[in-house]
Amino acid sequence: PQDIQKGFAFATEALQLDDRLEDSHAALGALFGLMGQDVEALKALDRAEALNSHNPYIYYTRSYVHLFQEIVDHVEMERAAENAIRVSPRDPLAWAQYFMLGTARWNYDLHNPAPGTQDALDQACSYSNCEFFVFIIAAKFHIRFGEHAVAKSYLKQAQQKRPDLTLTMWRNYFPFRAWPKMIADTESELEILVQYGLVRE
């Protein structure tokens, strides 16, 4: 909460200096999204996009904000991620954009994800600066489709990036409203990852 308050203060001050700064509107949108204020979040992001529709950060933030909704708007989330990739295909954070794309497709139906879910997550994993959590989620899908060697490799890469990774940590890692449902869909694969070396506690 303190970080969010500081963020609001900085974003507000930036907009007071220049209300045409799209990054400040996007930051404000992200903060509203974290607080579950969907209407205010999307309004701020609409303003940011109107100021500069070629800023990939705006689209990435929009995709991120959708994860904090009570019911994920997976269609808009997917569209935002695709726009981020389209605007900046070689972006230093391209892994995150592909991760959001895969997550959006996963949320179409957690038990029967949209086509391209696994491809987007694999694309995210191909970047050297990809975060550990992408590898864990990608490993889930490879286990589901019987590709256990890839899943083992992804687990190892996740552990290299996050040596303190445990099953308990993972189950509680994200504050997204949809996260408990996403975790519930992953339980059987997580047990297999424990067999492969994921520490429980």
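The values are calculated or read from the model by the stated rules, or taken from the named source; none is laboratory data. If you're wondering where the values come from, they're calculated on a predicted model, not measured in any experiment. All Cβ positions, even for glycine, are placed from backbone atoms using ideal geometry, and neighbour counts span all protein chains on display. We work out accessible area using only protein heavy atoms, side chains counted, and drop any ligands, DNA or RNA first. Shrake-Rupley method; radii C 1.70, N 1.55, O 1.52, S 1.80 Å.
Taking the Cα atoms of the stretch 10-83 alone, what are Rg (to one decimal) and Dmax (as a whole number) in Å?
According to the Cα coordinates of the stretch 10-83, Rg and Dmax are 11.5, 36 Å.
Please report how many Lys pairs in the chain have alpha carbons closer than 20 angstrom, counting only residues at least 8 apart along the chain or sitting on separate chains. Display every interim value, and only then the final one.
Values: K140/K152; K140/K156; K140/K161; K140/K181; K152/K161.
Count of close lysine pairs: 5.
GNM, the chain, Cα, under 10 Å: largest mean-square fluctuation among L51, L101, L190?
Its mean-square fluctuation being the largest, the pick is L51.
Just the number please: accessible area per residue for the chain, 1.4 Å probe, all protein chains included, in Å². Show your work: numbers first, answer last.
On the way: 10200 Å² over 201 residues.
Result: 51 Å² per residue.
Just to confirm the number: angle between the C-alpha axis of helix 94-106 and the first principal axis of the chain, 0 to 90 degrees, nearest 10?
70
Measure off 7 Å from each Cα along the Cα-to-Cβ vector at Q5 and F174, then give the distance between these two points in nanometres to one decimal.
Each label point lies 7 Å from its Cα, and together they span 2.8 nm.
Would you mind calculating the relative contact order of the stretch 96-193 from Cα pairs under 8 angstrom and at least 6 residues apart, reporting the percent as a whole number?
Numbers: 86 pairs, mean separation 21.2, N = 98.
Worked out over the stretch 96-193, it gives 22 percent.
How high is the relative contact order of the chain, in percent, with contacts defined as C-alpha pairs under 8 Å that are six or more residues apart?
Details: 270 pairs, mean separation 27.1, N = 201.
Reported as a whole number, the value is 13 percent.
Ignoring ligands and nucleic acids, what accessible area does K161 show with a 1.4 Å probe (Å², nearest 10)?
K161 has an accessible surface of roughly 90 Å² with all protein chains in place.
Leaving ligands, DNA and RNA out of it, report the carbon-plus-sulfur percent of the accessible area of the stretch 98-201 at a 1.4 Å probe.
Values: 2500 of 4870 Å².
Summing carbon and sulfur atoms, their accessible area is 51 percent of the total for the stretch 98-201.
Convert each backbone phi in the stretch 63-76 into a coupling constant with the Karplus relation 6.51 cos²θ - 1.76 cosθ + 1.60 (shift: θ = phi - 60°), then list the ³J(HN,Hα) values in order as whole Hz, x for Gly and Pro.
In residue order, the calculated couplings are 5, 5, 4, 4, 5, 8, 6, 4, 10, 5, 7, 5, 5, 5 Hz.
Bin width 10 Å, alpha-carbon pairs only: give the P(r) of the stretch 62-118 as whole percents, running from 0 to the bin holding the largest distance.
Spelled out per bin, shortest first, that is 28, 55, 17, 1.
Using every pair of alpha-carbon atoms in the stretch 97-152, split the distances into 5 Å bins beginning at 0 and state the percent of pairs per bin, rounded to integers.
4, 23, 32, 26, 12, 2
With springs connecting C-alpha atoms under 10 Å apart, model the chain as a Gaussian network and identify which of G33, G116, G146 has the largest mean-square fluctuation.
G146
Among [x] 32, 26, 18; [y] 38, 18, 12; [z] 31, 17, 15, which is the computed semi-axes √(5λ) of the Cα gyration tensor in Å?
[z]
Largest first, what is the accessible-area ranking of E189, E40, E201 with a 1.4 Å probe?
On the way: E189 10, E40 80, E201 155 Å².
These residues rank, largest area first, as E201, E40, E189.
For the stretch 71-185, compute Rh as the Kirkwood radius over C-alpha pairs and then the Stokes-Einstein diffusion coefficient at 10 °C and 1.306 mPa s; write the answer in µm²/s, rounded to an integer.
Numbers: Rh = 14.4 Å.
The calculation lands on 110 µm²/s.
How far, in degrees from 0 to 90, does helix 132-144 lean away from the longest principal axis of the Cα atoms of the chain, to the nearest 10?
So the helix axis and the longest Cα principal axis differ by about 50 degrees.
How much mean residue ellipticity at 222 nm does the chain get from its helices, if each DSSP H run of length 4 or more adds -39500 (n - 2.57) and you divide by all residues, to the nearest 500 deg cm²/dmol? Kindly include the intermediate steps, with their values, before the conclusion.
On the way: 12 runs with 137 residues, N = 201.
Roughly -21000 deg cm²/dmol at 222 nm, from the helical runs in the chain.
In the Gaussian network model of the chain, springs joining C-alpha atoms below 10 Å, which of I71, I58, I85 carries the largest mean-square fluctuation?
I71
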